[in-house]
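Heads up, the thing below is written out as structure tokens.
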Amino acid sequence: MEIGVHLSKSELDQQISVTNAEVVQIFISNPRGYQKPAFDAFKKIKCDKPIYIHLPYLVNFASVKDNVRDLSKELLIATDKICDSRVKGIVVHGGQGGKDATVAEAIDRWLASLSGVKLKNTLLIENTAGGNAAPGRNSENLITLIKKLKEYNNIGICYDTCHAFASGTKNFITELEFIKLKLGTLNLIHLNDSKDELNSSRDRHELLGKGKIDVNEIISLVKYAKKDKIDLILETPGDPEIWRNEIKYLKNI
């Protein structure tokens, strides 16, 4: 298990030095757009740490809109193509199907979007805090999606604690054991506290121990991740000094 944090691509070396991150997560392209990453984007990154790439927020393979799914597909393929050997996975949210859709329809859109696509990197689908027809809001639906996609690509799961708490999960270990039983593995954990109460459906991250999640749940999850050698990535608000202290805290559990 390695512990790290989501950092700025433009200040990566400096922030790694301050935080003592063992692994990092970055956006390789504009997080709020569909622009494809520059073909030489990775050549400009000199760090020797393992890297997870998070796709931009607008990517939505469950969308009812054809153009959104097409742009999402093009961006994923472009990102996958330029990744080098440091990349451990590409993270993408489970997406939203829209107010008039069903989860089954949202899953079908995922399958249609990735039909014929062969990725060289593992695509890690992340659970979501809420939303209509959102395959990632419920672990059973997310497992169904991943199982269907795994027939054609290397697909895994990224488990976000804030999102899980917001969707109604109180006991992380019970849910992680269920996921591991059904999928055989768990790839990555986004470790975040929540500003909002259980089952709020709100995706608002908080510093560890400062939010609504029981700190004992966080401690149990860290021990679980260490036992199973699952990487932890912080996406908590703050700055490199704060993240350094959080990483130190996690390493000492």
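Quick check: anything in segment 181-197 within 23 Å of residue 242 (Cα to Cα), at pLDDT 95 or above, surrounded by 15 or more Cβ atoms within 10 Å (Cβ to Cβ) and among the polar types (S, T, N, Q)?
yes
Just give me the residues in segment 76-113 being within 14 Å of the chain's Cα centre (by Cα) and not hydrophobic (A, V, I, L, M, F, W, C), in sequence order.
Selection gives 88, 89, 93, 94, 95.
In the list 189, 233, 179, which residue meets the criterion of being within 19 Å of residue 137 (Cβ to Cβ) and part of a strand (DSSP E or B)?
Selected residue: 189, the only one of 189, 233, 179 that is within 19 Å of residue 137 (Cβ to Cβ) and part of a strand (DSSP E or B).
Taking the options 168, 238, name whichever one is under 28 Å from residue 150 (Cβ atoms) and assigned to a loop (DSSP other than H, G, I, E, B).
Within the list 168, 238, the selection yields 168.
Under 6 Å between Cβ atoms, at least 6 apart or on separate chains: pull out the pairs that start in segment 222-237 with a residue that is closer than 18 Å to residue 51 by Cβ and in contact (Cβ under 8 Å) with a residue 60 or more places away in the chain and end on any residue that is among the small types (Gly, Ala, Ser) and crowded, with 18+ Cβ neighbours inside 10 Å.
232/225; 233/4
Suppose the filter is β-branched (Val, Ile, Thr), buried (at least 17 other Cβ atoms within 10 Å of the Cβ) and either touching a Cys at 6+ places or on another chain (Cβ under 9 Å) or free of Cβ contacts under 8 Å to residues at least 12 places away in the same chain (or both); does residue 16 pass it?
Taking the combined requirement at face value, the residue satisfies it.
Here's the yes/no breakdown for (1) in contact with a helix residue (DSSP H, G or I) (Cβ under 8 Å, 6 or more places away or on another chain); (2) within 15 Å of residue 155 (Cβ to Cβ):
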residue	(1), (2)
75	no, no
78	no, no
85	no, no
91	no, yes
96	yes, no
104	no, no
110	yes, yes
120	yes, yes
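Working only within segment 55-99, note down all residues that are surrounded by 16 or more Cβ atoms within 10 Å (Cβ to Cβ) and among the polar types (S, T, N, Q).
Result: 60, 63, 72, 79, 96.
Scan segment 195-253 for residues that are closer than 17 Å to residue 129 by Cα and among the acidic types (Asp, Glu) and jot them down.
Those that are closer than 17 Å to residue 129 by Cα and among the acidic types (Asp, Glu): 196, 197, 203, 206, 235.
Looking only at segment 138-160, count every residue that is of a type in the set (Lys, Arg) and modelled with pLDDT of 95 or more and tell me the total.
2
Scan segment 198-223 residue by residue and report those that are over 22 Å from residue 16 (Cα atoms) and either among the acidic types (Asp, Glu) or buried (at least 17 other Cβ atoms within 10 Å of the Cβ) (or both).
200, 203, 211, 213, 214, 217, 218, 221
Tally the residues that are among the small types (Gly, Ala, Ser), in a helix (DSSP H, G or I) and in contact (Cβ under 8 Å) with a residue 24 or more places away in the chain, restricting the search to segment 76-111.
Total meeting the criteria: 2.
With the structure loaded, tell me whether residue 213 is in a helix (DSSP H, G or I), under 19 Å from residue 136 (Cβ atoms), in contact with a helix residue (DSSP H, G or I) (Cβ under 8 Å, 6 or more places away or on another chain) and of a type in the set (Val, Ile, Thr) or whether it fails that test.
no
Based on what the data block shows, is residue 143 surrounded by fewer than 22 Cβ atoms within 10 Å (Cβ to Cβ), over 21 Å from residue 113 (Cα atoms), touching a residue at least 40 places away in the same chain (Cβ under 8 Å) and aliphatic (A, V, I, L, M)?
Answer is no for this residue.
Going through 72, 29 one at a time, which residue ends up being of a type in the set (S, T, N, Q), in contact (Cβ under 8 Å) with a residue 12 or more places away in the chain and not in a loop (DSSP other than H, G, I, E, B)?
Result: 72 is the single residue among 72, 29 that is of a type in the set (S, T, N, Q), in contact (Cβ under 8 Å) with a residue 12 or more places away in the chain and not in a loop (DSSP other than H, G, I, E, B).
The values are calculated or read from the model by the stated rules, or taken from the named source; none is laboratory data. Source: prediction; values computed, not measured. As a convention, Cβ positions derive from the backbone with ideal geometry for all residues, glycine included, and neighbour counts pool all protein chains shown.
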